[in-house]
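Colleague: Dropping a structure here in structure tokens format, bear with me for questions.
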């Protein structure tokens, strides 16, 4: 199965639970003989970026595409804006069997949702704490 995983950050970034669990998920899927591709940003931390993002990087059998994020400062507030990802999603999304989204409220999720519906590609949404609180104590 060809799986696309969308994550705001991905290794070699060393911080964050979403980053680590996304890597573990992708690695386990590769071990089960799935083709896993990750679209992510070049954010390393609040002040730095991952260098050499040109081309596809192979990390333990996972095909990783890094996209330049507009602002590290905005990313520190959980607003990731990898504008270059839009054209690639438009062009490449129909090549995948299923998509795994790591956040509910993100720029990437909005774009992927639109094109997944257009191409009738199913997706899994793992909200990871990004769903709004709708119930409060009475």
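The values are calculated or read from the model by the stated rules, or taken from the named source; none is laboratory data. Everything numeric in this text was worked out from a predicted model, so none of it was measured. Cβ sites come from the backbone with ideal geometry, for glycine too, and all protein chains shown count toward neighbours.
Colleague: Can you tell me which residue among 36, 30 is modelled with pLDDT of 95 or more, surrounded by 15 or more Cβ atoms within 10 Å (Cβ to Cβ), under 19 Å from residue 124 (Cβ atoms) and within 14 Å of the chain's Cα centre (by Cα)?
Modeller: Only one candidate qualifies: 36.
Colleague: Something else now. Considering segment 41-54 alone, what residues qualify as being at pLDDT 70 or above and in contact with a helix residue (DSSP H, G or I) (Cβ under 8 Å, 6 or more places away or on another chain)?
Modeller: 41, 43
Colleague: Condition (residue is on the phi > 0 side of the Ramachandran plot, touching a helix residue (DSSP H, G or I) at 6+ places or on another chain (Cβ under 9 Å), at pLDDT 90 or above and surrounded by fewer than 20 Cβ atoms within 10 Å (Cβ to Cβ)) applied to segment 58-67: is it met by at least one residue?
Modeller: Scanning segment 58-67, I find at least one residue that is on the phi > 0 side of the Ramachandran plot, touching a helix residue (DSSP H, G or I) at 6+ places or on another chain (Cβ under 9 Å), at pLDDT 90 or above and surrounded by fewer than 20 Cβ atoms within 10 Å (Cβ to Cβ), so the answer is yes.
Colleague: Give the residue that is surrounded by the most Cβ atoms within 10 Å (Cβ to Cβ), with candidates limited to residues of segment 99-111 that are part of a helix (DSSP H, G or I) and under 10 Å from the mean Cα position of the chain (by Cα).
Modeller: Pass one, segment 99-111, residues part of a helix (DSSP H, G or I): 107-111.
From the residues that got through so far, the ones that are under 10 Å from the mean Cα position of the chain (by Cα) too are 108-109.
Values: 108: 23, 109: 21.
In this case the residue turns out to be 108.
Colleague: Return the residues of segment 112-130 that are under 19 Å from residue 10 (Cβ atoms) and exposed (fewer than 15 other Cβ atoms within 10 Å of the Cβ); say none if nothing qualifies.
Modeller: Residues satisfying the conditions are 124, 127, 129.
Colleague: Which numbered condition trips up residue 103, out of (1) modelled with pLDDT of 90 or more; (2) touching a helix residue (DSSP H, G or I) at 6+ places or on another chain (Cβ under 9 Å); (3) closer than 18 Å to residue 11 by Cβ?
Modeller: Tallying (1) modelled with pLDDT of 90 or more; (2) touching a helix residue (DSSP H, G or I) at 6+ places or on another chain (Cβ under 9 Å); (3) closer than 18 Å to residue 11 by Cβ, residue 103 fails exactly one: (1).
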